[in-house]
Amino acid sequence: MNSLKAVIASRELLLNLTLREIRGKYKRTIFGQLWSLANPLASMLVYTVVFALILRVEPLPGNPSGVHVYALWLLCALLPWNFFVTVTTGGMGALIGNSDLIKKVHFQRSTLVLSQVLSSTYTWCIEMAVLLVAMSIAGAFVIPWLPLLVIFMLLLVLFAAGVSLALSIINVHFRDTQYLVGILLQMWIFLTPILYPITEVASRSEKHGGLLGTNITILDIYRLNPMERFSAVFRSLIYDNRFPEIDDSLWCLGWASVALVVGFFIFQRNEKKLAELL
Amino acid sequence: MTPIAISVNSVSKRFRIYHERNQTLKAAVMRGRRLVHEDFWALTDVSFDIPVGSTYALIGDNGSGKSTLLKCVAEILFPDKGTITRNGRMAALLEVGSGFHPELSGRENVYLNGSILGMSKKEIQSKFDSIVDFSGVEKFIDQPVKNYSSGMYVRLGFSVAINVDPDILLVDEVLAVGDTAFQEKCAQKFRDFKTAGKTVVIVSHSMPILQSMCDSAAWLSHGVLQQVGDAGPVISAYKEATLGHQ
């Protein structure tokens, strides 16, 4: 992989661009980095009121952790989801936002997108650390699951990186992409078992049976969603404290590899034309 | 035979002029697969060599393709035909201070800009004092650059770029930054470059500057190479041609 080598060669630039994002983001705010926690907390509050208190969604208690708190159960999937949304929207605009630089200086262009990925990863790690502390207070025993958690977080980072590399290029060709993707992401969260447990879908799918006389059920199609697999894995590790299902893990690995390869491929094909297109 | 720093081999560069510059999905769907565009050749079959250690001027009217050529050499644009080979580390001064983050301090921006231009952290650290010294903004180096005057801004950007210490330096119309004292410093820096045996390629409209600095020149007109050779004759030929048109 040539492009991967090029990224490694410009790792110092990548680091500096990432620091630019992180340092520049909360400059001149009183609470600084704390703001990055405000957003997930606010959505947690809203979703908990709507889904747990009003609609009475009740996920099963963590097995074997025994934790039974909707807000925590929600966050285990919501934080990865929020991370994915931040990366795709941030990465998608990275090339257009830095068009002056691209038109005037020769450097590894993918670092612009990847620095967005890394700065969001930094924020996400802080959020996850806070969540792990909260889970421990609620009675879960998360420490033995940390190594696996790190691996799957890395897989999601790679998946999001691939998606945003591809989207950043498509967005240069068609500026509509950013708005379209914004809407798709809004719908996508409801197509993923983040706010409600997947058992709700499973039971309805079973009632309906195979689609159009085949063996394919609604659930099968529903589970093609990469974020569904990631949500399941993160909940197993953090909320239930047990090994994720093998097939979920393999799907995560598969999605991450496919996204990364396709993303880099699309980026590499268009990289040289960027200064002209912008 | 002096060694060659940059070799330009029958380079052509095409731009597509879209009649309907409408970059939307709707426009793409409406016009179907056929893209309505006209080819515009900004450069046609340009070939010449720039020897190591020379200070080389690219001259021509506005729109003659000299900046496009410089960007092709700088690997920002890529030629559609032909090749360009470069021997040695290259730095391009096409615009100074691009990539500065307004909210970050001068110090942080020196590191950021330096790494964009291809310097390693160690290199920047060792050159940091001379960069700041050259720019003359020591007092404000820990202030966010958005508080800088526009002169300080470009001076800092210029100092970073000129301290990349390349074998080949590409310059596009940025010689006129800062006050007289700073310009004199820059001129001195270019002379140092020359004595150190480095190659400089300059695009400019200021004939007096070019005449005093450059030893060779290439004259482009509408993307076609008109004349190459020693700076004096080429510049006077160009001057004659433009004055003759008027």
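Would you check if residue A:193 is surrounded by fewer than 20 Cβ atoms within 10 Å (Cβ to Cβ) and either at negative phi or outside any helix (DSSP H, G or I) (or both)? Judged against the criteria, residue A:193 is not a match. Could you grab me the full set of residues in the range A:113-137 that are of a type in the set (A, V, I, L, M) and over 18 Å from the mean Cα position of the chain (by Cα)? A:133, A:134, A:135, A:137, listed by residue number. Cβ contacts < 6 Å: first residue over 12 Å from residue B:106 (Cα atoms), restricted to the range B:140-169; second residue among the charged types (D, E, K, R) and surrounded by fewer than 18 Cβ atoms within 10 Å (Cβ to Cβ), any location; separation 6+ or different chain. Result? From the range B:140-169, the pairs are B:162/B:189; B:166/B:89; B:167/B:89. Exactly one residue among B:210, B:225 is crowded, with 16+ Cβ neighbours inside 10 Å and under 15 Å from the mean Cα position of the chain (by Cα), and that residue is B:210.
Results for (1) touching a residue at least 24 places away in the same chain (Cβ under 8 Å); (2) within 14 Å of chain B (Cβ to nearest Cβ); (3) within 22 Å of residue B:115 (Cβ to Cβ), shown as yes or no for each residue.
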position: A:85; (1), (2), (3): yes, no, no
position: A:93; (1), (2), (3): yes, no, yes
position: A:115; (1), (2), (3): yes, yes, yes
position: A:131; (1), (2), (3): yes, no, no
position: A:136; (1), (2), (3): no, no, no
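For the range B:77-86, the criterion of being more than 9 Å from every other protein chain (Cβ to nearest Cβ), charged (D, E, K, R), in a loop (DSSP other than H, G, I, E, B) and farther than 20 Å from residue A:105 by Cα is met by no residue.
In the set B:134, B:128, only one residue is over 17 Å from the mean Cα position of the chain (by Cα), under 28 Å from residue A:6 (Cβ atoms), among the aromatic types (Phe, Trp, Tyr) and more than 10 Å from every other protein chain (Cβ to nearest Cβ); that residue is B:128. Of all residues in the range B:152-165, those satisfying the criterion of being over 13 Å from the mean Cα position of the chain (by Cα) and either of a type in the set (Lys, Arg) or closer than 15 Å to residue B:192 by Cα (or both) are B:155, B:159, B:163, B:164, B:165. For residue B:151, state whether it is in the same structural domain as residue B:117 (by TED's automatic domain parsing), surrounded by 14 or more Cβ atoms within 10 Å (Cβ to Cβ) and touching a Ser or Thr at 6+ places or on another chain (Cβ under 9 Å). No: the conditions fail for residue B:151. Counting only helices (runs of 4 or more DSSP H) that sit completely within the range B:102-191, those holding 3 or more residues that are of a type in the set (Lys, Arg) correspond to B:121-135. Assess whether residue A:98 counts as being farther than 21 Å from residue A:240 by Cα, surrounded by 18 or more Cβ atoms within 10 Å (Cβ to Cβ), free of Cβ contacts under 8 Å to residues at least 12 places away in the same chain and within 14 Å of chain B (Cβ to nearest Cβ). No: the conditions fail for residue A:98.
The values are calculated or read from the model by the stated rules, or taken from the named source; none is laboratory data. Computed from a prediction, not measured in an experiment: that's the story for all the values here. Cβ: placed from backbone, ideal geometry, glycine included. Neighbour counts: every protein chain shown.
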